[in-house]
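The values are calculated or read from the model by the stated rules, or taken from the named source; none is laboratory data. Every value quoted in this text rests on a predicted model; they were computed, and no experiment measured them. Here Cβ is always computed from backbone atoms with ideal geometry, including for glycine, and neighbour counts include all displayed protein chains. The area values use the complete protein model at the heavy-atom level, side chains included, leaving out ligands, DNA and RNA. Shrake-Rupley method; radii C 1.70, N 1.55, O 1.52, S 1.80 Å.
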Amino acid sequence: QVQLVESGGGLVQPGGSLRLSCAASGSIRSINIMGWYRQAPGKERDLVATISSGGFTNYAESVKGRFTVSRANAENTVTLQMNSLKPEDTGVYYCKDVQYGANYWGNGTLVAVAS
């Protein structure tokens with residue numbers, strides 16, 4: 001089992017920045033993909049960004065150039081730096097870990113972008 005705990009959400013004005021962190025514990029494999037998904041009110045959970053244990057990244061088109069995903073393998077953490085935030089970035093952000101076909105999710109952290 002893997003446990004994921006997110007932190008760093010909050011309320012921010014449009015154009016502002018936030019940094020989300022996810023700490024993983026438990027049975028962490030050396031080869032995995034970690035990342036962030038978000039769920040806006042009334043919508044499905046969608047990909048934001050992922051990063052493999054080898055450092056390969058993937059971003060949703062809507063966040064390219066504004067968000068940066070990174071990870072520290074030694075600490076089993078993944079972060080999401082979010083800049084130039086827009087109201088449409090509002091939602092609950094979930095950390096996800098995928099390893100050997102198993103999916104693990106955190107409980108989510110709320111990001112609200114409003115003036």
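What to note about this one:
- The residue list 69, 92, 78, 98 contains one member that is surrounded by 15 or more Cβ atoms within 10 Å (Cβ to Cβ) and closer than 15 Å to residue 113 by Cα, which is 92.
- Options 8, 15: the member that is touching a residue at least 60 places away in the same chain (Cβ under 8 Å), surrounded by 14 or more Cβ atoms within 10 Å (Cβ to Cβ) and not polar (S, T, N, Q): 8
- Members of the stretch 94-115 found to be part of a strand (DSSP E or B), of a type in the set (A, V, I, L, M, F, W, C) and either under 15 Å from the mean Cα position of the chain (by Cα) or closer than 12 Å to residue 13 by Cβ (or both), listed by number: 95, 98, 105, 110, 111, 112, 113
- Boolean, residue 59 is open to solvent by less than 60 Å² (accessible area, probe 1.4 Å) and under 10 Å from the mean Cα position of the chain (by Cα): no
- Whichever residue in the stretch 47-66 is without any contact (Cβ under 8 Å) to a residue 40 or more places away in the chain and aliphatic (A, V, I, L, M) and, among such residues, is farthest from residue 114 (Cα to Cα): 51
- Scanning the stretch 28-56 for residues that are surrounded by 15 or more Cβ atoms within 10 Å (Cβ to Cβ) and either touching a helix residue (DSSP H, G or I) at 6+ places or on another chain (Cβ under 7 Å) or of a type in the set (Ser, Thr, Tyr) (or both) turns up 37, 48, 49, 50, 52, 53.
- Close pairs (7 angstrom Cβ cut-off, 6 or more residues apart or separate chains): free of Cβ contacts under 8 Å to residues at least 24 places away in the same chain in the stretch 93-115, assigned to a strand (DSSP E or B) anywhere: 103/96
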